[in-house]
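Novice: My structure is below; once you've seen it, I'll send some questions.
The values are calculated or read from the model by the stated rules, or taken from the named source; none is laboratory data. Everything numeric here is computed off the predicted structure, so don't read it as measured data. Every residue, glycine among them, receives a Cβ derived from its backbone with ideal geometry; neighbour counts consider all protein chains shown.
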Amino acid sequence: MDCMILKTVSAATEAVSPVGQGLAFRNQNFEIKMVMPMLKVLFADDEPLMLEGLRILVEWEKLDFEVCGEAMDGEDALQLIHSTRPDLVITDVRMPVIDGLELIKKFAESDFQPKFIIFSGYADFEYAKEALRYGVSNYLTKPLDERELTEALLTVAEQIRAERKHASRQELVSAFIQAEAVSRLLMRENTSEELKEALKALDIHPGSRICCVLVQSDSPDSSHLRSQVYSMNVKEAFRNITAYPFMAGSHKHGYLLVSPPEGPELDQVMLASWINEMRTQYNGLVLCSASLEHQGTSFLNAAYHEALAAELCRSDLNTRGISFFQQQDKDGMALLAAGLKKSLLQSVTEGQLDPSSSQLSDIFKIFSANSTSSAWIDAFLSNIKVELLREIDARGGESVLWADKWFPPRVTACCLPLFERQTAEDLNEVAEWFASADNNQEDLLVTAAIDYVRVHYQEKLKLQDIAKHLHVNSAYLGQRIKKRYGISFNEFLHEFRIEKAKKLLRQTNMCISDISGRVGYSDADLFAAKFKVLNGVSPSVYKKG
């Protein structure tokens, strides 16, 4: 493909992770309203009068369908389906060249599988029954009845939209996992096994050229974030460059650029050209900073910190200039007191007020001792507040209100004692908000974990299995589940399995030992004990009613 591919995350459900767990977050400022297009329908019949009848029998637009093609034999239908990709095909089961049944068989084994409604005369019913085995949505007999056709169309439209909704949710989960994987790679938060799996999934190899770009914009155009894969029609020079986006704060995006060893060098000329193309996807002023090119997966964390250092040490805050990492930025980065910053953020987001004040005091002592510039201190503390805005968003708060209070800073860094006092007030105020915030908000990660339980509860299931499947830390996943449900993962799993068992006890004649195995218990005695703890009676007593 002669284009640069941006593998993006849907902005409406961007990854959520706590401080210290990664960079991605849910940005509720990006609200994307999906408009469902009309469904496309294609007709296939060798009788012209039948095709004409289909066109006028129902009001297709009122049923949210648009006719995208008509075919008079199966061969034409096959070509039209490939070219127009309809959502629904209405076809006679008997047609010349390729009959309707053969047409259905071809797409039953294809990557593209439209819905089919078939019709035929009564004499062809046995023939039509074979087509039903391939999952066609409905079977109608000639002559077609307006009411029956309308009901069939309403039913299939509902099926299509339900499947799209499910697919959309799966895409969002995949996008979340990808963004989280990129964040954890950049922050060195992987076990060796997780690291190996993430690098393989993202197609990053020891010889890959890598570079990190941070983008800050007051009003980013989120249209390019609407789909899982986005292509820009750009220069041939960008062929083979893959950009994995992640969220790095309010109105700030990051891109991990990856090029194969034989691909283009990610030098300043190439990056400037790429960034200028990328800027067209945003509105307003766009500030960019970039790391050096590195070769090898061991430099992922260094690339992120170089881009951050270039951003914090930039002097052209109101221009379109790109801040490229310089050696002096590395010296400045050493003064960031990363450990203090991390513990300060953790204290604030956990609502612990006293530790935050002491940590902030230590940070300002470092500022004073090293005669750090006012602009650099402003940038460093603003970055902390941006991280907090990310967490406010993730917990369902209104980050815009806090941003309005914090930016621009009410006190400049030229008077350190006054600036420290004002910053302490700001952080204590937001720490109180975190202490009282509702921690039971919808969590995409937990939703994905529970969906996994619903599918695999009959198997030997452990929290570590789900965490590995979702590429997250098992302890972190367990904490998120407990925050939402108030119980541990094992307790949740037991309750879920017992509820399934109760349904089987009420509705079937299965013996208790079989039910025990059906819901995931290899030990029937353990099943009986858990059942009695949760319901107050044994399974046998419950079954008797």
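Novice: Identify the single condition in (1) under 17 Å from Ala449 (Cβ atoms); (2) not in a helix (DSSP H, G or I) that Asn190 does not satisfy, given that it satisfies every other one.
Specialist: Condition (1) is where Asn190 drops out.
Novice: Looking at the structure I just gave you, is Gln464 at pLDDT 85 or above, outside any helix (DSSP H, G or I) and not assigned by TED's automatic domain parsing to the domain that holds Arg188?
Specialist: On the way: at pLDDT 85 or above: yes; outside any helix (DSSP H, G or I): no; not assigned by TED's automatic domain parsing to the domain that holds Arg188: yes.
So Gln464 fails the test.
Novice: Quick check on Lys532: is it in a helix (DSSP H, G or I), at pLDDT below 90 and out of contact with any Lys or Arg (no Cβ under 8 Å at 6 or more places or on another chain)? Step through it out loud before you land on a result.
Specialist: On the way: in a helix (DSSP H, G or I): yes; at pLDDT below 90: no; out of contact with any Lys or Arg (no Cβ under 8 Å at 6 or more places or on another chain): yes.
It is false that Lys532 is in a helix (DSSP H, G or I), at pLDDT below 90 and out of contact with any Lys or Arg (no Cβ under 8 Å at 6 or more places or on another chain).
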